[in-house]
1. Can you work out the FRET efficiency for the pair B:Asp18 and B:Thr126, with r the C-beta to C-beta distance and R0 = 30 Å, to the nearest 0.05?
2. Let me know the mean shielding of B:162-171 by other chains, meaning the per-residue number of their Cβ atoms within 10 Å of its Cβ.
3. Leaving out ligands, DNA and RNA, what percent of the accessible area of chain A is carbon and sulfur, probe 1.4 Å?
4. Sum up the charges of everything whose Cβ sits under 13 Å from the Cβ of B:Ala128, counting Lys and Arg as +1 and Asp and Glu as -1, but leave B:Ala128 out.
5. Calculate, axis by axis, the spread of Cα positions in chain B along the three principal axes, and write the results as whole Å, longest axis first.
6. Between rounded, prolate and oblate, where does segment A:13-58 land on the alpha carbon gyration tensor, with a ≥ b ≥ c its root eigenvalues, rounded for a/c under 1.5, else prolate if a/b exceeds b/c?
7. Going 7 Å from Cα along the Cα-Cβ axis for the label, what nanometre distances separate A:Ala37 from the same residue across the other copies?
8. Shortest first, in nm, what separates the label point of A:Asp116 from those of the same position in the other copies (7 Å along Cα→Cβ)?
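The values are calculated or read from the model by the stated rules, or taken from the named source; none is laboratory data. On a predicted model such as this, the values are computed, not experimentally measured, just so you know. Heads up, the Cβs are rebuilt from the backbone with ideal geometry, glycines too, and the neighbour counts pull from every protein chain shown. We work out accessible area using only protein heavy atoms, side chains counted, and drop any ligands, DNA or RNA first. Shrake-Rupley method; radii C 1.70, N 1.55, O 1.52, S 1.80 Å.
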Number of protein chains: 2
Amino acid sequence: MHLVNGKIGFVPPYHHGDLRRALLSSAVDMITEHGPAGVSLRELARRAGVSNAGPMHHFKDKAGLLTALAAEGFTLLAETLTATRERTDSFVELGVAYVRFAVEKRAHFEVMFRPDLHHPDDPALTEARELAGAALAGGVEDVGDRHTGPDRRIAGVAAWSLVHGFATLWNTRNLDPELGDDPEELARRVAAVLFGQRG
Amino acid sequence: MHLVNGKIGFVPPYHHGDLRRALLSSAVDMITEHGPAGVSLRELARRAGVSNAGPMHHFKDKAGLLTALAAEGFTLLAETLTATRERTDSFVELGVAYVRFAVEKRAHFEVMFRPDLHHPDDPALTEARELAGAALAGGVEDVGDRHTGPDRRIAGVAAWSLVHGFATLWNTRNLDPELGDDPEELARRVAAVLFGQRG
DNA sequence: CCTCCAAACTTGTCAGTGACAAGATTGCGT
DNA sequence: ACGCAATCTTGTCACTGACAAGTTTGGAGG
């Protein structure tokens with residue numbers, strides 16, 4: 001039996017060490033388990049071994065938490081996309097990379113495109129989003145050269161819509177199970193429909 | 001001053017008349033205002049002028065409510081799509097109809113593709129979903145005739161992904177505002193990228 | 001016309017939640 | 001050694017979804 005601060009028993013240190021990271025990481029777990037709505041600040045605090053309102057100092061809101069997660073997600077996506085572009089200049093592969101990200105980092109992905117869950121004008125989020133947008137748009141330009149002027153932008157929207165729609169439908173299990181269980185391989189074939197033999 | 005049932009004052013009728021419809025309709029309003037998470041059974045009851053647990057008799061759950069709404073949505077979508085196919089055999093127009101539905105019936109659309117909000121094996125929902133799926137797949141076949149065998153299915157997935165992704169990105173305001181404010185016209189141009197001059 | 005039953009609603013209650021205010025504790029710079 | 005700012009705690013509020021048990025109603029069958 002210990003005497004600590006005049007009280008009996010174990011008294012945890014007042015400071016957690018790296019609460020912020022711990023919270024973000026636990027939030028990812030909770031989202032993959034129960035979706036973004038299933039994130040509870042209290043449960044989060046519980047998992048981190050911290051009191052109810054502990055998290056609120058790092059993210060003043062629940063929306064603050066999810067905003068931070070979305071920003072992290074856009075940063076990761078940007079890294080993935082630029083890495084892919086350095087490896088190959090095939091748009092299909094860029095699309096596959098987008099889908100792979102959506103599937104592997106599903107928790108992040110689910111939060112990234114839901115502005116209703118964000119603090120919309122958070123600077124970190126905006127910056128990260130623009131970074132990712134640039135990485136994607138740049139890759140599409142490489143392949144859009146059969147289109148001119150405004151058509152190039154439209155082609156970009158089409159490409160984005162295609163991979164985003166596919167990723168969404170896959171993640172929400174809305175695609176026919178007969179199509180197989182390998183999202184990457186399927187994504188490759190689907191993306192090829194848009195860009196054909198051009199790559 | 002009235003004497004009703006031995007009590008003084010106004011006593012509302014015990015039976016609402018058409019609570020179920022009123023609830024579904026109010027739910028649509030609440031979703032368009034605050035998203036699916038912003039639906040509260042109590043607020044719903046309040047708007048219908050009914051007690052807290054009133055709704056629970058019609059939809060035993062919150063999930064039950066949203067399931068019914070999703071089923072209604074799939075039915076509406078199926079009607080829209082088949083009506084479009086009778087009007088024209090252009091796939092682009094079918095895609096535009098899909099997008100128009102997603103934008104006009106946004107509340108329904110947001111709920112339809114989120115199985116985490118449903119009672120997954122509800123028969124009414126399953127049936128309605130299959131109906132809509134058939135209407136969409138049938139339309140894609142009309143245009144997929146340059147592909148053979150399994151490729152036709154892949155083309156269908158690509159088409160669905162494209163319009164679904166576009167609708168999602170549009171609704172979540174993730175598309176560049178410079179692209180204009182007319183989703184239908186934009187959707188037409190985007191869909192044309194996939195199916196070119198073929199229609 | 002009566003009776004009774006199932007459907008439609010109410011009342012009361014419970015645990016869990018997000019948000020906030022005010023206080024306690026810590027470490028760091030000076 | 002001091003004090004300040006960042007970090008975490010405690011206590012509280014209004015709100016929510018879910019359920020159990022009771023009340024009312026319309027209508028079907030006698």
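1. For R0 = 30 Å, the calculated efficiency reads 0.75.
2. Working: counts 13, 3, 8, 13, 7, 2, 6, 7, 2, 1.
Neighbouring Cβ atoms belonging to other protein chains average 6 per residue here.
3. Values: 5510 of 10510 Å².
The value for chain A is 52 percent carbon and sulfur by accessible area.
4. Net of charged neighbours comes to -4.
5. That works out to 77, 39, 31 Å along the principal axes.
6. prolate
7. 1.0
8. List, nearest first: 1.3 nm.
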